[in-house]
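So the structure is just underneath, and the comments pick up after that.
Where a number appears in this text, it was derived from the coordinates with a stated rule and is not lab data. Everything quoted here is computed from the prediction, not taken from an experiment. Here Cβ is always computed from backbone atoms with ideal geometry, including for glycine, and neighbour counts include all displayed protein chains.
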Amino acid sequence: MVVYYSATGNSRYCARMLADLLGDSLTDAFPLIRERRAADLHSDTPWVFVAPTYGWKLPRIFADFLRRGSFSGSQEAYFVLTCGSDIGSAADGIQALCRDKGFRYKGVLEVVMPENYIVLFRAPEAAQAQEIIAAAQPCIQAGAACIRRREDFPPRRAGMVDKIKSGPVNALFYRFTIKAKPFHVTDSCIGCGKCAEACVLHNIRMKQGRPVWGADCTHCMACICGCPAHAIEYGRATRGKVRYQFPSDMQ
């Protein structure tokens, strides 16, 4: 079974492609995470967990979802992480999670997709995003072939810089960067409420037709990148930057 969490579409695309190539079932973790419900899933085929990379590591909300859930049947677990550049040494934390859950770790696959974390980086223009997605397809196909043969994903060599990014930098990222307070809307807001619907943590509520952010945020960028009016900003960091959502013509 392919189980995925996605905010801006990259991981959903990878998961659907893998499920199609493997002829396997597909489960979206988003509603379970949003409703704070523990998973109770069974699979006779290997588990394939697909998620974006947050701060060069498996997102904490997805790791917590896996730790709280029940996953019976197969104990083989493959992980696929989408990223804008690299996944650092994310494999270290994933292997620890697998030991805790009793999974047989089968490796992690790094899939480079268009950047969406516009608080710190720049997302690509539409044409470039299409090229990046197309370039990722052979990697996904190769990953599916490994899973089909029950082979481990080829190990990714992680150096000291990778360990620093996934270790102390990730910890600092969550402590000092992931805050909702700088989010605000401009006069372009049309009050559609799509930002509130897209928030996996129910952190956005509509008040007098405008979104208001609470303190519980994971910086998934679903609200700011999915706003149809481009009315959401994060302080000054996102002004003038391209927003990224997975292209609707490739869904």
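The rows are residues; the columns are (1) in contact (Cβ under 8 Å) with a residue 40 or more places away in the chain; (2) of a type in the set (Gly, Ala, Ser); (3) closer than 18 Å to CYS14 by Cβ; (4) in contact with a Phe, Trp or Tyr (Cβ under 9 Å, 6 or more places away or on another chain).
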{"position": "TRP47", "(1), (2), (3), (4)": "yes, no, yes, yes"}
{"position": "THR53", "(1), (2), (3), (4)": "no, no, yes, no"}
{"position": "ILE94", "(1), (2), (3), (4)": "no, no, yes, yes"}
{"position": "GLY107", "(1), (2), (3), (4)": "yes, yes, yes, yes"}
{"position": "GLN128", "(1), (2), (3), (4)": "no, no, no, no"}
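This table checks each residue for (1) closer than 23 Å to GLN141 by Cα; (2) within 18 Å of the chain's Cα centre (by Cα).
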site	(1), (2)
TYR5	yes, yes
THR8	yes, yes
ARG37	no, no
SER74	yes, no
ASP86	yes, yes
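Just one of (1) surrounded by 18 or more Cβ atoms within 10 Å (Cβ to Cβ); (2) under 20 Å from the mean Cα position of the chain (by Cα) trips up ILE147, so point out which.
Among (1) surrounded by 18 or more Cβ atoms within 10 Å (Cβ to Cβ); (2) under 20 Å from the mean Cα position of the chain (by Cα), the lone unmet condition for ILE147 is (2).
Out of the residues in region 187-240 that are touching a helix residue (DSSP H, G or I) at 6+ places or on another chain (Cβ under 8 Å) and of a type in the set (S, T, N, Q), state the one that is nearest to ILE33 (Cα to Cα).
Only one residue fits best here, namely THR218.
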